[in-house]
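Read the structure below first, then the notes.
Nothing in this text is a laboratory measurement; each read-out follows from the coordinates by a stated rule. All values derive from a computational prediction rather than experimental measurement. Don't worry about glycine lacking a Cβ; one is built from the backbone with ideal geometry, like all the others, and counts go over all protein chains shown.
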Amino acid sequence: MAEHIQEKAARRSHAVQVGLLTLGIALVGSNSLVLSPILTDVAADFDARAADVARAIAAYGGATALSAFALARHIDRVGPRLVLLLGMVVMMLAIGASALAHSWVALALAQGVAGLGAGVVLPATYHLAATVAPKGAEARTLGRVLTGWSLSLVMGIPAAALLTDLAGWRSVFLVLAGVGFVALIGFVRLLPRDRPALAPAREGPLAPLKIPTVPILLATCFAFMIGFYGVYPFVGDHLRVSHGIAAAPAGLFVLAYGVGFGLASLGDGLIDRFGLRRMFPLALLTVALIYLAMIPAAEAFWSVIMLSAIWGFVNHFGLNALVLLLSRADPVRRGAILGLNSAVTYAASFIGAAVFGEIYADIGFAAICGLAGLALAIGALLVHVGLRGRLASAKASAAREST
């Protein structure tokens, strides 16, 4: 009886920990997305151009990439819990400062500081998700944490627009800062204490590239993310131009994508069952086909909406598998590796939106979908061929060292 009670309490504690980590991801995602639907309101308040205010989005993404690259490696020395707490404090205060900004320059600076916090919050959260996961259920646990991205898409954008209409755009950042405070209190009270560090005290941020599988996985991450960020920002505009519809119905693809992404978490146990090396290249190849299917599907509004839900569903499996493979590459250097993953992700978001944006403007939607499909096909090939070779090489090297 006592064992049953203890097991039930342990499951409840684990569920709360996963919920808190999910909330942290949702905060990072929401802060990166909320400016998009309220850009016009913020620009009008500052008497500035929307393009000027949009620099705050770039500042957040750039600072996140820089922080993840330069600082995430310290997670392995001081522990993910402490780094997560410090990063969340920085994020919370900077988001609160965003609500008090008196110009687009001040807003960009505040969002840049928030990005410095987000750059370590993301890898520390993924690290802790792998740490608290029961053995054999890593994919399922990480999948639930990743639904934070879905929450930011499905709830963050609509809530930001509604709050702006009711109480002004500054209320959006005040609410986000409040969410950060709630998450911070939960992290302090409920997350497990850090264990003694095992990683070498002094290593550069590029040291994980010496690990056999990491360069292949990061290259695949770049292909995966540049495809996403090269297409996603332009789907709504293409729907509006092609079908002559307003912003609200065009935004339904965001809702469909977020719902599909979230629903996929119900099937994350499949990754644990069938294995990462099977599921990851299959997910990448499927997403490549989805991008190609977007070209004819764009001729009909509802076909894009349905395809967006499938896109989100499959992307969830791809992201889950990618983060799990990286976290297992070297548990001692997990923080540094996941930091490089976040840095590559945000670098790809910047390059994807900039380069694909020019291609979209000059050639059209079909061109960016074709390029994204090619990038994902290359990523699938990298994983299927290159990763298998690296794993075999690593095993052979380990065998030689043991003899």
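Details
- Taking other C-beta atoms within 10 angstrom as a stand-in for reagent exposure, R277, R140 fall in the order R277, R140, fewest first.
- Assigned charges on the beta-carbon of Lys, Arg, Asp, Glu; the chain dipole about Cα centre (debye): 1600
- Using only side-chain charges placed at the Cβ, +1 for Lys and Arg and -1 for Asp and Glu, the dipole size of region 1-196 relative to its Cα centre rounds to 740 debye.
- Theoretical FRET efficiency, 1/(1+(r/R0)^6), r = Cβ-Cβ of R273 and V89, R0 35 Å, to 0.05: 0.35
- Subtracting the Cα-Cα distance of A219 and R202 from 0.36 nm times their residue separation leaves 3.6 nm of extension gain.
- Coupling constants for region 94-104 follow from the phi torsions by the Karplus curve (6.51 cos²θ - 1.76 cosθ + 1.60, θ = phi - 60°), and in residue order they are 5, 5, x, 5, 4, 5, 9, 4, 9, 7, 5 Hz; glycine and proline get x.
- For region 198-403: Kirkwood Rh in Å [reciprocal of mean 1/r, alpha carbons]: 18.0
- Top of S98, S242, S308 by mean-square fluctuation, Gaussian network on the chain, Cα under 10 Å: S242
- Just checking the listed ones, A63, A248, A367: in the Gaussian network model of the chain with Cα springs under 10 Å, the one fluctuating most is A248.
- Considering only R81, R11, R328, the Gaussian network model of the chain with Cα springs below 10 Å gives its largest mean-square fluctuation to R11.
- Separation in nanometres of the label points that stand 7 Å from Cα toward Cβ, at V78 and D47: 4.3
- Here the extension length gained between I185 and A137 equals 14.6 nm, from 0.36 nm per residue of separation less the Cα-Cα distance.
- Its DSSP H runs of at least 4 residues, each contributing -39,500 (n - 2.57), put the calculated 222 nm mean residue ellipticity of the chain at -27500 deg cm²/dmol, to the nearest 500.
- Dipole of region 1-196, positive direction: furthest Cα of T64, G115, H74, with charges on the beta-carbon: H74
- (1) 79, 46, 39; (2) 81, 61, 34; (3) 67, 48, 45, with the label sought being that of the calculated Cα extents along the principal axes in Å: (3)
- Least to most buried among D165, D237, D362, D330 (fewest other Cβ within 10 Å first): D362, D165, D237, D330
- Mean projected area of the convex hull spanned by the Cα atoms of region 1-196, taken over all viewing directions: 11.8 nm².
- A367-T40 FRET efficiency (beta carbon distance; Förster radius 41 Å; 0.05 resolution): 0.90
- Residue (of G29, V323, V42) at the positive-pole extreme of the chain, dipole from beta-carbon charges: V323
- Length gained when the stretch R240-M155 is fully extended (0.36 nm per residue, less Cα-Cα span): 28.4 nm
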